[in-house]
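K.L.:
I'd like to ask some things about the structure below.
The values are calculated or read from the model by the stated rules, or taken from the named source; none is laboratory data. Given the structure is predicted, the values throughout are model-derived calculations rather than measurements. Positions of Cβ are generated from backbone atoms using ideal geometry, with glycine treated the same way; all protein chains shown enter the neighbour counts. Just the protein is used for accessible areas: all its heavy atoms, side chains included, with ligands, DNA and RNA removed. Shrake-Rupley method; radii C 1.70, N 1.55, O 1.52, S 1.80 Å.
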Amino acid sequence: MTANMVDLQNQFKEQGLDVQIVSFSVDPTVDSPEILKSYAENYGADFASWNLLTGYSPEKIDAFAMENFKTIARKPANDDQVLHGTSFFLVDKNGVIMKDYNGVNPPVEEIIADAEILLAEE
């Protein structure tokens, strides 16, 4: 998903779209800011328009994911992998979710077109 988001970020730049990307760690007990930065750098992320968030409790991100994105972000007992959704979300400047997309196979052209519409309305 990170590679797909980097590709999308590059497409936004090529189209001249001022889009900010925000990623939430689903495993904040493991993902320190330094680890997230290194991980994203390995994929070529541009931090000028991408914020990687961590530092909250696992319970808080699970509740946030469920309340806002209608998905889980939970590490089962006796497992080191977090179960989480794989969607990308288009969010307006007020924090309202406008649309969601498959993050594993994102429809890049559709996302760009939707971002253009949203930016024109703002």
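K.L.:
Only residues that are modelled with pLDDT under 95, open to solvent by 60 Å² or more (accessible area, probe 1.4 Å) and in a helix (DSSP H, G or I): list them for the range 40-67, please.
P.N.:
Glu59, Lys60, Phe64, Met66, Glu67
K.L.:
Please specify each residue of the range 20-39 satisfying the condition of being open to solvent by 30 Å² or more (accessible area, probe 1.4 Å) and of a type in the set (A, V, I, L, M).
P.N.:
Correct list: Val22, Val26, Val30, Ile35.
K.L.:
How many of the residues making up the range 68-88 are open to solvent by 70 Å² or more (accessible area, probe 1.4 Å) and touching a residue at least 40 places away in the same chain (Cβ under 8 Å)?
P.N.:
2
K.L.:
Tell me, yes or no, whether the range 82-91 has at least one residue that is over 15 Å from the mean Cα position of the chain (by Cα) and on the phi > 0 side of the Ramachandran plot.
P.N.:
no
K.L.:
Separate question: Every residue in the range 1-19 that is farther than 17 Å from Asn102 by Cα, open to solvent by 60 Å² or more (accessible area, probe 1.4 Å) and in a loop (DSSP other than H, G, I, E, B), please.
P.N.:
Answer for the range 1-19, where residues must be farther than 17 Å from Asn102 by Cα, open to solvent by 60 Å² or more (accessible area, probe 1.4 Å) and in a loop (DSSP other than H, G, I, E, B): Gln15, Gly16, Asp18.
K.L.:
Return a yes/no flag: does the range 95-103 have any residue that is open to solvent by 60 Å² or more (accessible area, probe 1.4 Å) and either among the acidic types (Asp, Glu) or touching a His at 6+ places or on another chain (Cβ under 8 Å) (or both).
P.N.:
So far as the range 95-103 goes, yes, one or more of its residues are open to solvent by 60 Å² or more (accessible area, probe 1.4 Å) and either among the acidic types (Asp, Glu) or touching a His at 6+ places or on another chain (Cβ under 8 Å) (or both).
K.L.:
If you don't mind, there's one more thing I want to ask. Quick check on this structure: which one of Pro76, Pro33 is at pLDDT below 90 and not hydrophobic (A, V, I, L, M, F, W, C)?
P.N.:
Exactly one residue qualifies, and that residue is Pro76.
K.L.:
Please go through the range 39-72 and pick out each residue that is over 16 Å from Asp7 (Cα atoms) and among the polar types (S, T, N, Q).
P.N.:
Thr54, Ser57, Asn68, Thr71
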